[in-house]
Amino acid sequence: MARPREFNESEALGDAMQLFWGRGYESASLSEITKATGLSKSSLYDTFGNKHELLLSSLQFYIENMVQPSLAILEEEPSPRRAIERRFEMVIEVSTAPGPRRGCLIANTTLELGARDEAVAKQVLAAHSMVEQAYAQAIERGQAVGEIDPTKDARSLARYIMACLAGMLCLSKAGFDAPKLRDIAATAILAIA
């Protein structure tokens, strides 16, 4: 009897995440998934379940390995306003880097499946809530030190920033360059000042 193939589950999940991020859920075929991950169909199903469960695991992997680390700047930077500016710049750099412009896996999946897939909607709403919370806390810190207008609602400002960032990611996929995106970021920062 042949010995089962050993593989790194985290690497396979990262490879699946990259495929869904670049192709979308419905466009990614099972043969593309097995090719991207290097797994056989049986290993894929034994480890991750079906394609839908693999997508949900890929979204969680993206949140834990891409989104959460990128939000750390909001806590680590001493100046809350500067932290928000730096997060905008991080998004601009990533979204205009050489290579395919993929946007954000959460936003892409929300647009593709969020309105008709309850499990996806639940997961992306939780991710949006986490991001909103991180921005709201940074804004509250900024209000406490006089960097951000204290008369404005921190949650509303956090949602506004998220909407600006989502729009910027969409526009980058349409070809907007870094200077145009920086104009949007600068206007967003002025709006919260």
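Find me the longest stretch of the chain that has none of the exposed GluC sites (Glu not before Pro), where exposed means in a DSSP loop (not H, G, I, E or B) with at most 16 other Cβ atoms within 10 Å.
Counting at most 16 other Cβ atoms within 10 Å as exposed, the longest clean stretch of the chain is 27-193.
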task = May I ask you to evaluate 6.51 cos²θ - 1.76 cosθ + 1.60, the Karplus curve with θ = phi - 60°, for each residue of region 174-185 and list the ³J(HN,Hα) values in order in whole Hz, giving x for glycine and proline?
result = 7, x, 4, 8, 4, x, 5, 5, 5, 4, 5, 4
ask   = Counting alpha carbon pairs within less than 8 Å and at least 6 residues apart, what relative contact order, in whole percent, applies to region 123-189?
value = 28
request  = Name the shape class, rounded, prolate or oblate, that the alpha-carbon gyration tensor gives for region 73-129, where a ≥ b ≥ c are the square roots of its eigenvalues, rounded holds for a/c under 1.5, and otherwise prolate holds if a/b is larger than b/c and oblate otherwise.
outcome  = oblate
query = Nearest 0.05, what FRET efficiency do residue 152 and residue 10 give at R0 = 45 Å with Cβ-Cβ as r?
reply = 0.65
request  = Run the accessible area of region 42-140 with a 1.4 Å probe and give the carbon-and-sulfur part as a rounded percent.
outcome  = 53
task = Subtract the Cα-Cα distance of residue 159 and residue 145 from 0.36 nm times their separation in residues, and report this length gain in nm to one decimal.
result = 3.0 nm
query = What does the accessible area per residue of the chain come to in Å², with a 1.4 Å probe and no ligands, DNA or RNA counted?
reply = 54
Positive-pole candidate from 190, 65, 83, dipole of region 61-193, charges at beta carbon = 190
task = Towards the positive end of the charge dipole of region 84-193, with charges on Cβ (+1 Lys, Arg; -1 Asp, Glu), say which of 181, 137, 114 has the farthest Cα.
result = 114
key: Accessible area in the full protein assembly, largest first, 1.4 Å probe, for 151, 37   = 151, 37
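Restricting to DSSP loop positions (anything but H, G, I, E, B) with no more than 16 other Cβ atoms inside 10 Å of their own Cβ, which chymotrypsin sites (Phe, Trp or Tyr not before Pro) remain in region 59-141?
Hits after loop and neighbour filter: nothing returned.
Dipole of the chain, Cα-centred, from +1 at each Lys and Arg C-beta and -1 at each Asp and Glu C-beta, to the nearest 20 debye?
380
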task = Would you list, by chain and number, the aspartates and glutamates whose Cα falls below 12 Å from the Cα of residue 51, excluding same-chain residues fewer than 8 positions away?
result = 26, 32
ask   = Rounded to the nearest 0.05, what FRET efficiency do residue 26 and residue 82 have when you use their Cβ-Cβ distance and R0 = 41 Å?
value = 0.50
Trypsin sites (Lys or Arg not before Pro) within region 103-193: DSSP coil, no more than 15 neighbouring Cβ in 10 Å = 116, 152
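So, counting K/R as plus one and D/E as minus one, what does the shell of residues with Cβ under 13 Å around residue 32 add up to?
Taking every other residue near residue 32 into account, the sum is +2.
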remark   = Here the gain from full extension of residue 115 to residue 137, 0.36 nm per residue of separation minus their alpha-carbon distance, amounts to 5.1 nm
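The values are calculated or read from the model by the stated rules, or taken from the named source; none is laboratory data. Quick caveat, the model's predicted, so the values are computed rather than measured. When we count neighbours, we look across all protein chains shown, and the Cβ atoms used for this are built from the backbone with ideal geometry, even at glycine. Ligands, DNA and RNA are stripped out before the accessible areas are found, and what is left, the full protein with its side chains, is counted by its heavy atoms. Shrake-Rupley method; radii C 1.70, N 1.55, O 1.52, S 1.80 Å.
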